[in-house]
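Input: a single structure, listed below in structure tokens.
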Amino acid sequence: MNKPLRHVWLVVSVLFVLLFTSTTYFQVVAQGRLNAHGQNLRTTYNEYGRHRGPIVVDGEAIATSQASGDTYGYLRSYDPGAMYAPITGYYSVVYGFSGIERALNDTLSGEADALFYHRISDILSGKQGRGASVELTVDSEAQQAAWDALDGRRGSVVALDPETGAVLAMVSAPSYDPNRLASHDTTAVQESWSELNDDPERPLTNRAIGGDLYPPGSAFKLVVASAALESGDYTTDSVIPGPGTFQLPNSSSVMNNFSAGRTDPCGPDDESTLAEALRQSCNTSFAKLGISVGEDQLASTAGEFGFGQRLEIPLSVTPSTLGTDLDDAQLATTSIGQYETRVTPLQMAMVAGAFANDGVVMEPQLVEAVRTGDLSTVAELTPKELGQPLSASNAAQMRQMMVGAVEDGTGTAAAIDGVEVGGKTGTAEWGEDRAPHSWYVGYGQMDEKKIAVAVVVEEGGYGSRTAAPIAQDVMEAVIKP
Amino acid sequence: MATIVSYTARPRRLTQALLLAFAVVTGVGAYALVGLGRSDELPSGLMTYGIGAAVLALALQVVVMWRTPYADPVILPLVVLLNLLGIAMIESVHAANENYGLRTSAGADRQMLWAIVGVLLCIGVLLFLRDHRRLRRYTWISAVTGAVLLLLPLVPGIGSSRNGSQIWISIAGNSFQPAELAKIAFAIFFAGYLVSRRDTLALAGPKVLGIHLPRWSDFGPILVAWGFAMAVLVFQTDLGTSLMFFGLFVVMLYVATDRLSWLVIGAIMFLPPAVFAATQMGHVRTRITCWLDPLSSANYSSCEQINQGLFGLANGGITGAGLGEGRPDVVPHAESDFIFASFAEELGMVGAFALLLLYLLLVQRAIRAAVGISDGFGTLLAGGLGFVIALQVFVVVGGVTRVIPLTGLTLPFLAAGGSSLVCNWIIAGILVRLSDAARRPAARQVAGLGAPTAARPAPEVMA
């Protein structure tokens, strides 16, 4: 009976070869296709089943993962939610993730290359892998002050440390509660999702760095003034024309010197110094100044401030823009922050920061440090120069003019006793029969403490009344005179 | 038939002891890793579990040294390792269910208890079955027992249906798969019956297409076996069980008679009922669909189990997610019918191959014993038991990996389930006894040595 037994063994071998083949096929050959299959929840489970690192502000975790005891393993929760939502983003099992949760997903989940050795040691010690914690540069008091001051009005506040580029506050309102999207109740998440997306006030948009951007209005005069100083042809004391009205070149339009149809000139004999024009925020002065400085100088100075640059802070920032190929009439309106000029509040905070940092723009950054579970530091903030739109002496002249505007001009509501505060308000027209957007862009410094702030309140009316007090609150929270 | 085997009579008991120690360390280590993977800590009962496993292994070693000193040293370590790995994976699935709450499954405790029962029965077999040839006396009793067991799930009141197959009985809340026990009974019956009828069944009949067919008058037994398999198929609606029994019979018939024609006839006879089942029986038809095209959106929901199993395989990749770190809980029945997918997910292709090789080695040891045994009954029994393990592994793993349609069998020694585990331990005991008979110096028929046979019962005369 040995021959048939050998045959049986042969048959068994063939059967097992089939099993080896099929196993190899599904585990190796078809692996990618199966993992990518739409119904394969394991990919999701692998993603969401990790113990994700927290997001930390001033030592307090604002986003944490807790074991959830359900099929996803961990639940992400945010506290406080809405105030930080534009920064943290959401972490949804249905709709993926956004904000820091997305930009630093590899770090938070522990999959980043920089965490390789940490991961290996986790494996060797048999510990369950855990993501790294991300510490933000945000100053919780500044953030809270900005959030409270904005008080739910549509708009945004950005505060920077001019010397390092660290983002001290980034508020966008209205915001949303990211816990509603991070929930594991998928039906509730879907309802929240469509509700948030259908909301005309677009709470999911981070207005500080994206969305439709804003016309900067008069706040843009800071950029025009910088370009004028940099051209070498002007100083703060240069006398420039500033008539009550300005018939735009090759156009039927007439520009009034002030909003609401006021046509008083900027000074006697229809002229004033540059400093005086900025203090009063004379439209015709800056329209004419823009034309004489020229598009090239304006564009190059704006470019040094960061216009047109795609930044990752690590959130993606929509580049701010000027129009191109402008004729004189367009250049005139561009110079008072209208026409095709579109900016993010972050960009305007960078502009203000340059004046407080001797003309150097630092690259804005949101991440202070990345640390592993055992608190060893993987990465830390290193300040980087982004550009130098103006010289240190010109920056000093700009500060002088901006202080003038706060002490005795449009920005008085931002003044803080004992602190050098310089700034510029803006009231940006953006649509027929709509209230203008209200701007304040400026800096504050006392001793070694510096802060640059940009505030925009949508349809807030005069920047001097609406935006400037908000900036004051935020600066006070950081500088504490 | 009985061949002179080139064994020198080495008991290799030390080898077995070392292999058993290796199996226990590996198996208990796997259990510990599951705990670390799932909850970052060692399982609370690890010490007790390890000691328990070591004690059982020691008991096996002692009994083997005492009762079957020449037994194959590899069989028991293989079985112990498979059993312990199964317990580790059952615990992994259970802990995953506890963690994620997708479904529920019993903990490994039950399986541990059944393992103790299984080992005790195995020891019982070694102690009380002093010579495998005594089993031949029970040829016809085995036939009746097997038939009754197999048909038991059809009895109203105690039979219960799972996944469309009526192959379970349930008494006072305890469910039992009698086909597992019937498997042993039928292997004994086939071996006893065929060894006495082999000469007749081997007689040549008419020649068709170059193959010598048996005589028409000898078709009786295979027709009975076929009828029985059909009854299982039709009334219990389980293609797997039906295939297993018919396959076992045909292969043992082939081994007994060395007539290839029986294999061909068997294959041809099984084809019509398979086609019938595939086209006429709802749940078999679903399984065929899920075999051919489970991932398309039209079939996805009805093929949920096999798809989740495949996703598990893919998630495992080459090296696996790690013990206690996969998500086998997503797969329905991940601790029993789909335990192979759970292993493939957590241990990867490497681990899946290792498991298949363990089974292949076990089958190989059984067939090796079959070759070594000097009596026809023993040869048939060892060959049959070895083949039935191989067939069962093929049907289950092939079902999970889409080589064949899914059926209701479970992986021997691995899958959660008391009846399967206990019965397979009995098979392990019989195989150890058979391998001892194969390797015992007395079995050697070397001219001039005149092996002492007086102490052993005289071999029964073959019919």
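FYI, it's all coordinate maths here, none of it is from the lab. Just so it is clear, the model here is predicted, and its values are computed rather than measured. With ideal geometry, Cβ positions are generated from the backbone for all residues, glycine too; neighbour counts draw on all protein chains shown.
Let me know the mean shielding of B:394-405 by other chains, meaning the per-residue number of their Cβ atoms within 10 Å of its Cβ. List each step's numbers first, then the result.
Working: counts 7, 1, 1, 7, 5, 0, 4, 10, 3, 7, 3, 0.
That works out to 4 on average.
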Item to check | On Cα atoms only, tilt of A:345-356 relative to the major axis of chain A in degrees | outcome: 60 degrees
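For each of A:MET348, A:MET398, count neighbouring Cβ atoms within 10 Å of the residue's Cβ, then give the residues from fewest to most.
A:MET398, A:MET348
Run lengths n ≥ 4 of DSSP H only: what is the helix-derived mean residue ellipticity at 222 nm for chain B, with -39500 (n - 2.57) per run over all residues, to the nearest 500?
On the way: 14 runs with 295 residues, N = 463.
Helix-only estimate at 222 nm: -22000 deg cm²/dmol.
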Item to check | Scaled radius of gyration (Cα, divided by 2.2 N^0.38 Å) that the protein assembly as shown gives | outcome: 1.39
Checklist entry - Hey, how many Å between the Cα centroid of the range A:411-439 and the Cα centroid of the range B:37-71? => result 80 Å
Checklist entry - Using a 4.7 Å Cβ cut-off, which Cys residues in chain B lack a partner cysteine? => result B:CYS122, B:CYS423
Next on the checklist: Taking the Cα of A:SER391, stepping 7 Å toward and past its beta carbon, and measuring to each backbone N in the range A:341-361: which are under 13 Å?
Outcome noted: A:359
Checklist outcome for this item: Karplus ³J(HN,Hα) for the range A:66-72 (6.51 cos²θ - 1.76 cosθ + 1.60, θ = phi - 60°; Hz, whole; x = Gly/Pro) runs 10, 4, 9, x, 10, 5, 8
Next on the checklist: As a test, work out the antiparallel percent of DSSP beta bridges whose residues both lie in the protein assembly as shown, rounded to the nearest 5.
Outcome noted: 95 percent
Next on the checklist: In whole Hz and in residue order, list the ³J(HN,Hα) couplings for the range A:397-410 that follow from phi through the Karplus curve 6.51 cos²θ - 1.76 cosθ + 1.60, θ = phi - 60°; x for Gly and Pro.
Outcome noted: 5, 4, 4, 4, 5, 5, 4, x, 5, 7, 6, 8, x, 6
Checklist entry - Got a sec? How would A:VAL171, B:VAL34 order by Cβ neighbour count within 10 Å, fewest to most? => result B:VAL34, A:VAL171
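By per-residue mean of other Cβ atoms within 10 Å, what is the highest-first order of B:334-346, A:78-90?
In decreasing order of mean packing, B:334-346, A:78-90 become B:334-346, A:78-90.
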Next on the checklist: Can you tell me the orientation of helix A:140-150 relative to chain A, as the angle in degrees between its alpha-carbon axis and the longest Cα principal axis, to the nearest 10?
Outcome noted: 60 degrees
Checklist entry - Counting each DSSP H run of 4 or more residues in chain A as -39500 (n - 2.57), what helix-only mean residue ellipticity at 222 nm follows after dividing by all residues, to the nearest 500 deg cm²/dmol? => result -11000 deg cm²/dmol
Next on the checklist: Which trypsin sites (Lys or Arg not before Pro) in the range A:354-461 sit in a loop by DSSP (not H, G, I, E or B) and have at most 13 other Cβ atoms within 10 Å of their own Cβ?
Outcome noted: A:LYS384, A:ARG434
Checklist entry - Cα centroids of the range B:326-357 and the range A:295-324: how far apart, whole angstrom? => result 55 Å
Checklist outcome for this item: Once the mean of 1/r over all distinct C-alpha pairs in chain A is inverted, the Kirkwood radius in Å reads 24.5 Å
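Give me the one-decimal Kirkwood hydrodynamic radius in Å for the range B:13-443, with the sum taken over alpha-carbon pairs.
22.2 Å
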Item to check | Two-site label geometry, B:LEU127 and A:ARG465: point separation in nm, points 7 Å out along Cα→Cβ | outcome: 10.0 nm
Item to check | Cα-based helix-to-principal-axis angle, A:186-198 vs chain A, degrees rounded to 10 | outcome: 20 degrees
Checklist entry - Scanning chain B for helices, which whole DSSP H stretches are 27 Å or more long along the axis (Cα) and average 1.0 or more by Kyte-Doolittle? => result B:13-39, B:46-67, B:75-100, B:108-128, B:260-280, B:339-372, B:376-400
Checklist entry - Fewest to most neighbouring Cβ within 10 Å: what's the order for A:GLU476, A:GLU195? => result A:GLU195, A:GLU476
Next on the checklist: How many angstrom lie between the Cα centre of the range B:379-397 and the Cα centre of the range A:31-102?
Outcome noted: 48 Å
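Partner chain Cβ atoms within 10 Å, averaged over the residues of A:27-34 - can you pull that number for me?
On the way: counts 19, 6, 1, 4, 7, 2, 2, 8.
Average per residue, whole number: 6.
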Checklist entry - In peptide A:201-212, what is the residue-averaged number of other protein chain Cβ atoms found within 10 Å of each Cβ? => result 0
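Rank by packing, highest mean first: peptides B:136-143, B:236-243, with packing defined as the count of other Cβ atoms within 10 Å averaged across residues. Display every interim value, and only then the final one.
Details: B:136-143: 16.6, B:236-243: 25.0.
By packing density, highest mean first, the sequence is B:236-243, B:136-143.
Mind ordering A:215-223, A:357-365 by average Cβ neighbours within 10 Å, highest first?
Numbers: A:215-223: 29.0, A:357-365: 22.6.
So the order, starting with the most tightly packed, is A:215-223, A:357-365.
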Checklist entry - In the range B:248-288, which residues have a backbone nitrogen under 18 Å from the label point lying 7 Å from B:LEU223's Cα in the Cα-to-Cβ direction? => result B:250, B:262-263, B:265-273
Checklist outcome for this item: Once phi for every residue in the range A:464-476 is put through the Karplus expression 6.51 cos²θ - 1.76 cosθ + 1.60 (θ = phi - 60°), the whole-Hz ³J(HN,Hα) values, with Gly and Pro written as x, are 5, 8, 9, 7, 4, x, 5, 4, 4, 4, 5, 5, 4
Checklist outcome for this item: Loop-resident GluC sites (Glu not before Pro) in the range A:313-410 with no more than 15 other Cβ atoms inside 10 Å, DSSP not H/G/I/E/B, are A:GLU340
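Just need the relative contact order of the range B:13-443 here, percent rounded to a whole number, with Cα pairs under 8 Å and 6+ apart. Write down the numbers at each step before the final one.
On the way: 704 pairs, mean separation 99.4, N = 431.
Relative contact order, the range B:13-443: 23 percent.
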Checklist entry - Stretch A:GLN400-A:ASP79 to full length: gain in nm at 0.36 nm per residue minus the Cα-Cα span? => result 111.4 nm
Next on the checklist: Explain nothing, just the number: relative contact order of chain A, from Cα pairs under 8 Å at least 6 residues apart, as a whole percent.
Outcome noted: 16 percent
Next on the checklist: Under a crude label model (7 Å from the Cα following the beta-carbon direction), how far is A:VAL239 from B:LEU357 in nanometres?
Outcome noted: 9.7 nm
Item to check | Long-range lysine pairs (8 or more apart or interchain), chain A, Cα under 25 Å | outcome: 11
